[in-house]
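What follows is a single structure, written as structure tokens, with notes after it.
The values are calculated or read from the model by the stated rules, or taken from the named source; none is laboratory data. Everything quoted here is computed from the prediction, not taken from an experiment. Positions of Cβ are backbone-derived with ideal geometry, glycine not excepted, and every protein chain shown enters the neighbour counts. Areas reflect the complete protein model, heavy atoms only, side chains present, ligands, DNA and RNA absent. Shrake-Rupley method; radii C 1.70, N 1.55, O 1.52, S 1.80 Å.
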Amino acid sequence: MNKKISFYRIILFTAGLSALIWGLYQGGAGEVLKRAARICLECVGIG
Amino acid sequence: MAKLRLFVQVCAAALSNGYIKGFAKGRIYDGPLKQLCVPGLNCYSCPAALGACPIGALQGALGSHSFRTSLYVIGFLVVFGTLMGRFVCGFLCPFGLVQDLLFKIPAVRKIQRLPGEKGLRWLRFVILGLLVILLPLCIIDFTGLGEAWFCKYICPAGTLEGGIPLVLLDSSIRAAAGFLYRWKLVLLVIILIASAVIYRPFCRYICPLGAIYGVFNKVSFFRLSVDSTKCIRCGACAKACKLHINVFENPNSMDCIRCLECSSSCPQNAIKKLAK
């Protein structure tokens, strides 16, 4: 049971890290900045 | 442990909202740090916010023209989820800290559970699926962009950290505030009042970020383990748990926010914190 969970943990972590790096490579951080650097009218409640 | 947790929570909230100048200027921070997501629910429209909210960023990415960019946010959530699970909720979330502080108000009579508690705990998954993923992905406007439905209609952290300060500081935003703002304000007041009576009602029933991290609780590197040779099933852990989890039966429940009160209260020291 523990081995199975450890296996899933490693797979998930590797997949997450790969997605994060690939997303960064594709310009994901810039896209997040584009949205987060402006006042989000929806968050404020007027959008 | 409670004092250490409070200290870490205050530090995390201060780090996530370190741009104090924003309150003086009435503007939000727009520097390079905003490229990074913070692990907890922290509105990026708060004048002091230094990072981006992962739930806001996820909705933004899903509703954008090209959703390849959501890989960055999804990857971030999976990495943090696998490393810590809901430890983020217990130690790093600024809105969790607000609720914790309100629950400390001693004069208020506390309610342990709401009627229909079991069903209500699934509400956060419905909110995650519907308002955070499906609607931003499927309903797009004439420009081809989706809306951030959770931020727009529900998020009390956005109202508290972004809405109220910006409405107070900026006259043009104040002039634009209408029904939606009042709706979100009412929702925030309800959640804040409820937080003084029930332990972490937003985290228990509504928070989509908690729903995501909760899924990882069973497999995360940081998790709890009960030593069955030491455990005498006295129930001290379940009694100490403000979220009413039977810790000795299910130490890694999706509802557990890793406040670690159970571990501190165990007379046999049977609840171990594992980080590998």
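A few comments on the model shown:
- For the range A:1-38 and the range B:8-71, distance of Cα centres in Å: 17
- Kirkwood-type hydrodynamic radius, the protein assembly as shown: 20.2 Å, calculated from all non-identical alpha-carbon pairs.
- Net charge dipole size for the protein assembly as shown [Lys, Arg +1 and Asp, Glu -1 on Cβ; Debye, nearest 20]: 960
- Per residue, chain B reaches -12000 deg cm²/dmol at 222 nm when only DSSP H runs of four or more residues are counted, each adding -39500 (n - 2.57).
- Placing unit charges on the Cβ atoms only, positive for Lys and Arg and negative for Asp and Glu, gives the range B:185-252 a dipole magnitude near 100 debye about its Cα centre.
- Shape call, the range B:2-215: gyration tensor on alpha carbons, a/c limit 1.5: rounded
- Where labels lie 7 Å past Cα in the beta-carbon direction, separation of B:K272 and A:K34 in nm: 4.9
- Nearest-10 value in Å² for the accessible area of B:I191, using the 1.4 Å probe: 20
- Chain A - Rg (one decimal) and Dmax (whole number), Cα, Å: 17.2, 50
- Contact surface B-A: accessible area buried, both sides summed, square angstrom, 1.4 angstrom probe: 3300
- Crossing angle, helix B:94-103 versus chain B [Cα axis fit, 0-90 degrees, rounded to tens]: 60
- B:C203 sits with roughly 10 Å² accessible to a 1.4 Å probe, with DNA, RNA and ligands left out of the calculation.
- Taking a Cβ cut-off of under 11 Å around B:I28, the surrounding Lys, Arg, Asp and Glu residues balance to a net charge of +2, with basic ones at +1 and acidic ones at -1.
- Taking N as the residue count of the range B:1-105, its C-alpha radius of gyration divided by 2.2 N^0.38 Å amounts to 1.13.
- Rolling a 1.4 Å probe across all protein chains gives B:S228 an accessible area of roughly 100 Å².
- Shown for chain A: the carbon plus sulfur share of the solvent-accessible area, taken with all protein chains present and a 1.4 angstrom probe, equals 70%.
- Taking every alpha-carbon pair in the range B:99-243 and binning the separations at 10 Å intervals from zero gives 9, 28, 33, 19, 8, 2, 0 percent.
- Around the Cα centre of the range B:2-215, unit charges on the Cβ atoms of Lys, Arg, Asp and Glu (plus for the first two, minus for the last two) sum to a dipole of about 660 debye.
- Atom-type composition of the exposed protein surface of the range B:2-215 places 75 percent of the accessible area on carbon and sulfur (1.4 angstrom probe).
- Spin-label model, B:L145 to A:I5: label points 7 Å out along the Cα-to-beta-carbon direction sit 4.4 nm apart.
- Note on chain A: dipole from Cβ charges, positive end direction compared against A:Y25, A:S6, A:C40; the farthest Cα belongs to A:S6.
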